[in-house]
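Chemist: What follows is a single structure, and I will ask about it in a moment.
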């Protein structure tokens, strides 16, 4: 009579191996970057102190193209878009705005040179929540929208082209970027340092108010937390560059109508844009559902292994 092949290891060790295989999918999240600009954007990525770097620190994103990156539990860092870049075949070069100074496509731990629109994230922060914002404290170079996959979490970003409204004294890079007052003038009252290094003495300036009126959900100066930081339970996120635009390579009769500046300055366009991206969010929802399915499958496999090993491990029969 043929005997059943004995599987190596204890049920506990096999369970650990299988569950560790699924752990990354359950604990981490996905950032998806989408370029709706008419030109290529080179996203830059900087991980916070004490958190691991993502699989890349910089890459090219053609008009209409998207790319997703996995981030582990507890990750923190920032993203931005570089524009007007020129890189040779070996990846060496620089960018007109948002350049990280590495001299190549990969930023390799270097941040954006102001002015640059920033998306900032802290995953699994206080209370287990994700914290995120779009900041204009270091100036502005590209329109940006951050959307959470979870339906009850707010969108944030700056959809208006602030380069068109930028005062002459803040204009940079031949009109392709708009500096902050801190960078332009360097005075403590604009930079919120020295005697102005606390929220009681540092207040909005005429320049930060210009940014805030155009992009009310974005950080406009250092102590703009109350109306600019958002939270969400553990979910995936989409970062869209030039969200109000439809790239030439991606135009179709089904594309959403390009909104006016008045629409961009309130929540109406954010809601309509989220509706127009329903198909993308459905994919994200499917991915979240697949995580649950994978976890259930892992439990089922462990249960099966326990039953398989019971004749050879007397202690298993007690489970």
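Chemist: For segment 98-113, which residues satisfy the criterion of being surrounded by fewer than 22 Cβ atoms within 10 Å (Cβ to Cβ) and at negative phi?
Modeler: The answer is 102, 104, 106, 110, 111, 113.
Chemist: Can you name the residue in segment 20-55 that is assigned to a loop (DSSP other than H, G, I, E, B) and under 21 Å from residue 149 (Cα atoms) and is also modelled with the lowest pLDDT among such residues?
Modeler: Filtering first and then ranking leaves 28.
Chemist: Got a number for residues in segment 72-108 being over 18 Å from the mean Cα position of the chain (by Cα), touching a residue at least 24 places away in the same chain (Cβ under 8 Å) and assigned to a loop (DSSP other than H, G, I, E, B)?
Modeler: Here the count works out to 6.
Chemist: I've got another one for you. Any chance segment 56-68 includes a residue that's at pLDDT below 50 and closer than 25 Å to residue 109 by Cα?
Modeler: no
The values are calculated or read from the model by the stated rules, or taken from the named source; none is laboratory data. Remember, predicted model here, so these are calculated numbers, not experimental data. Every residue, glycine as well, gets a Cβ built from its backbone with ideal geometry; the counts of neighbours run over all protein chains shown.
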